[in-house]
Every structure is written in structure tokens, then in C-alpha cells.
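I have placed the structure first, in the form of C-alpha cells, so that the comments after it can refer back to it.
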Amino acid sequence: SEARTFSCSPYADLEALRASLSVYTAPLDIWPKDAVSSYDPNAEDHFVVSEEVPGRKADVHSLAQALQSSILEGDPTKPLEANFHVLLPAYTADQAKADTQLLAKFSTSFAGSTYGVKNRVYNIKKAASMIDGTRLMPGDEFNMNAVLGPRNEQGGWKIATGILDGTYVQEYGGGICQVSSTLYNAVLMADLTVTERHHHSWPLGYIAAGRDATISTGGPNFRFVNSSVSPIIISAETDTKAKVITMRIYGRALADGITIAVKSKKTATLADLGTEYTLDATLAPGQTEEVRPSRRGCIAVTCKEYYNQEGDLLRKEQVSEDKYRSIKGLVKVSAKQYQQIANAAQ
């Protein structure tokens with residue numbers, strides 16, 4: 001019989017090689033790390049930014065082709081070197097720094113005997129610490145009453161002077177309206193959208209008329225929406241040595257380098273309503289007790305002025321026109337004085 005001869009040539013399926021190599025090269029892949037910005041009130045610029053780290057992924061397709069060629073050439077043990085594709089991070093340190101620019105800064109002072117009372121300063125510091133570091137995504141609303149919670153003894157608030165129904169009262173959390181007023185001005189300068197804001201019964205010494213924002217538990221609130229295209233971060237800093245509270249808002253700079261100045265002016269002074277006297281039979285002859293002083297009201301208009309990088313005024317927008325009503329004074333007097341006042345009025 002005649003002998004038979006057989007011949008064969010090596011063959012390797014490219015898809016099968018690629019699938020097999022993917023398993024072995026997976027441990028060599030390194031996924032990229034995005035940059036991260038972390039708010040740190042003690043940092044020089046209030047943020048610590050970690051650099052992005054690029055990654056790599058093995059080029060399995062070219063490696064499979066090289067292995068296939070090696071097999072077809074009859075040299076399957078030939079060393080092969082894997083190539084890698086560079087994987088770029090989605091978020092870089094430069095982007096993180098661009099998203100944490102200082103958009104607005106506004107300060108008010110609590111110096112002096114009226115605003116620097118110990119309990120009032122305590123409440124200001126407590127409120128500021130609860131706001132400090134707040135991050136709002138685009139579309140998120142900041143609700144100050146919700147952030148601070150009810151102002152009461154259980155919440156750790158101190159009793160200090162506040163305003164209720166046109167007169168000074170002692171209440172838990174007294175003084176925190178200075179915090180909301182300071183933040184309100186920073187919000188205007190950052191060009192965010194205010195959704196709720198109320199002025200006080202009368203203008204106060206730490207801020208111009210038309211630029212205050214009062215709040216109370218279960219009553220008036222201060223709310224605003226992050227209407228920008230990027231997250232914002234609120235920094236609230238209380239300097240008890242300088243007796244100043246400062247609000248800063250960080251985020252992506254306004255388009256075209258625009259900056260905003262907030263200005264207000266009194267446009268009218270309202271009539272003096274005088275003082276009302278009421279009888280208090282418990283008072284000794286000649287004794288009086290002032291319940292509230294008379295206050296002349298006013299009208300104040302507040303505007304935002306938009307400036308370009310060269311300092312040129314681009315436009316002016318009215319924010320509010322606030323009417324601080326006149327308040328009639330109220331004094332309690334003894335029976336003898338009340339009769340004298342009544343006789344004089346006849």
C-alpha cells in the first residue's frame with residue numbers, strides 16, 4: 001500500500017484571541033481619576049483640589065493581531081509587548097478651579113454695644129457654622145429656616161434682641177437676621193435667583209435700607225435658587241476679633257467676566273405718626289414706661305449694576321422697592337399723667 005502524507009498550517013481565530021487576551025490584560029488596566037475639589041475653610045483659597053490622574057487600557061485588538069501573526073508564523077512563544085490607550089479623566093484640576101471661583105463676598109459688622117452682645121454674637125456664629133460649606137447643585141433651593149431649624153432652647157440657641165411687631169423683644173436666636181441679610185447681599189452679587197425675602201420693620205444699623213432680609217421661626221424666610229449652570233458653595237465666616245461676619249459664594253464665574261455691584265438709596269421719608277399714651281394704673285405717679293419709640297418710615301430702592309471686565313456699566317436692574325412703614329410710639333403712663341395728657345388734648 002502507498003503511504004499517505006498530511007500537511008497542516010496553524011490557525012488562530014482573531015475574535016477568540018481577543019476575548020482570551022481581554023481576561024489576561026484586565027489587571028493591567030488603570031481607570032482614570034477625576035480631579036476633586038474639597039471645601040476647606042482653613043485653606044488659603046478655601047478649597048483643596050486634588051489633581052486628576054490619567055489611566056490606561058490595553059490595546060487588545062493590536063495585541064491579538066500580533067499574537068495571531070506569531071502563531072501563523074509558527075513562533076507562538078515570541079514575546080509580545082502590549083500597547084496601551086491613554087484614558088483621560090472627565091474632570092480636571094483646571095476645571096475644578098474654574099468651578100470654585102469667588103463669585104461674591106459681602107461682610108457686615110456686629111461691633112458696638114447694640115450688635116456685639118455676647119448672646120447675639122453666639123447666635124450669629126452658630127448660624128454661620130450651620131451654613132458654612134453648603135453646596136447647591138444647579139436648580140437646588142437654599143431654605144434658611146430649614147437649614148437653621150426652629151430657634152429655641154432645645155436647639156441650643158441663646159436669648160438675644162430681635163424685632164417683633166415693630167418693637168424689640170428678647171427671643172431665642174436673636175441676631176441671626178444679620179446672617180440672612182449678609183447672605184442676601186452675596187446672593188445678589190452672585191446673580192442667583194431670590195425666591196423669598198422680607199425686609200425688617202425698620203432699617204438697621206449694620207446694613208443699608210433695602211438690603212436686609214429678616215427671618216423668624218414659623219414666619220418670614222429667606223430662600224434662593226442656584227440658577228447658575230454649575231454647583232455653588234457658600235462660605236460663612238465669623239471673625240469675633242474684627243467683629244465681622246463674611247459670606248462668600250464660590251462657583252463658575254459669570255459669563256464674559258461680568259461683576260455685579262448692589263446699591264440702594266432712600267427715595268422718600270414717610271410721615272411721623274407721633275406717640276400714643278396709654279394708662280397703666282400700676283405705675284407710680286410720674287412713672288412712665290416706653291413700649292416702643294416712634295419711628296419715621298422710608299422707601300428704599302435697591303438695584304444691581306452689571307459691569308464688564310473694563311469696569312464699564314452695562315445695565316442696571318431694580319431688585320426691590322421696600323416700604324418701611326412709620327411706627328407710632330407707645331408709652332405707658334401713670335393715672336395722673338394720663339389725665340394731664342387728656343386735659344391738654346381738649
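The values are calculated or read from the model by the stated rules, or taken from the named source; none is laboratory data. What you see is a predicted model; the values in this text were computed from it and never measured. A quick note on method: Cβ atoms are made from the backbone with ideal geometry, for glycine too, and the neighbour counts reach across all protein chains shown. We work out accessible area using only protein heavy atoms, side chains counted, and drop any ligands, DNA or RNA first. Shrake-Rupley method; radii C 1.70, N 1.55, O 1.52, S 1.80 Å.
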Being of a type in the set (A, V, I, L, M) and either closer than 30 Å to residue 246 by Cα or loosely packed, with under 14 Cβ neighbours inside 10 Å (or both) narrows 17, 88, 67, 21 down to just 88
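Would you mind finding the one in 112, 149, 116, 173 that is open to solvent by less than 20 Å² (accessible area, probe 1.4 Å) and closer than 29 Å to residue 297 by Cα?
173
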* Asked: Does residue 64 meet the test of being over 41 Å from the mean Cα position of the chain (by Cα), under 16 Å from residue 32 (Cα atoms) and aliphatic (A, V, I, L, M)?
  -> no
All conditions in (1) at pLDDT below 95; (2) open to solvent by less than 30 Å² (accessible area, probe 1.4 Å) are true of residue 256 except (2)
Scanning segment 180-203 residue by residue, those assigned to a loop (DSSP other than H, G, I, E, B) and under 24 Å from residue 161 (Cβ atoms) turn out to be 197, 198, 199, 200, 201, 202, 203
Restricting segment 277-287 to residues that are open to solvent by 80 Å² or more (accessible area, probe 1.4 Å) and assigned to a strand (DSSP E or B), the one farthest from residue 331 (Cα to Cα) turns out to be 279
Going through (1) small (Gly, Ala, Ser); (2) at positive phi; (3) not in a loop (DSSP other than H, G, I, E, B) one by one, residue 139 fails only at (3)
Of the residues in segment 264-298, those that are of a type outside the set (A, V, I, L, M) and touching a helix residue (DSSP H, G or I) at 6+ places or on another chain (Cβ under 6 Å) number 2
For segment 300-346, the count of residues that are open to solvent by 40 Å² or more (accessible area, probe 1.4 Å), touching a Ser or Thr at 6+ places or on another chain (Cβ under 9 Å) and assigned to a strand (DSSP E or B) equals 5
Inset, instruction - Might you let me know whether segment 217-228 holds any residue that is under 30 Å from the mean Cα position of the chain (by Cα), surrounded by 16 or more Cβ atoms within 10 Å (Cβ to Cβ) and at pLDDT below 95? - result: yes
When every residue in segment 29-52 that is open to solvent by 70 Å² or more (accessible area, probe 1.4 Å) and among the hydrophobic types (A, V, I, L, M, F, W, C) is compared, the one nearest to residue 230 (Cα to Cα) is 36
Counting only residues in segment 229-253 that are aliphatic (A, V, I, L, M) and out of contact with any strand residue (DSSP E or B) (no Cβ under 7 Å at 6 or more places or on another chain), the one least open to solvent (accessible area, probe 1.4 Å) is identified as 242
**Message:** Given the criteria farther than 25 Å from residue 97 by Cα, among the hydroxyl-bearing types (Ser, Thr, Tyr), in a loop (DSSP other than H, G, I, E, B) and more than 18 Å from the chain's Cα centre (by Cα), does residue 206 qualify?
**Reply:** yes
Output for Cβ contacts, cut-off 8 Å, separation at least six or different chains, first residue closer than 16 Å to residue 304 by Cα in segment 257-283, second among the basic types (Lys, Arg), reads 260/304; 261/304; 262/211; 262/304; 264/211
query = Quick one: is residue 165 open to solvent by 30 Å² or more (accessible area, probe 1.4 Å) and on the phi > 0 side of the Ramachandran plot?
reply = yes
Of 184, 206, the only residue that is without any contact (Cβ under 8 Å) to a residue 60 or more places away in the chain and either open to solvent by less than 40 Å² (accessible area, probe 1.4 Å) or acidic (Asp, Glu) (or both) is 184
Report yes if some residue within segment 76-98 is at pLDDT 90 or above, assigned to a loop (DSSP other than H, G, I, E, B), on the phi < 0 side of the Ramachandran plot and in contact with a His (Cβ under 9 Å, 6 or more places away or on another chain); otherwise report no.
no
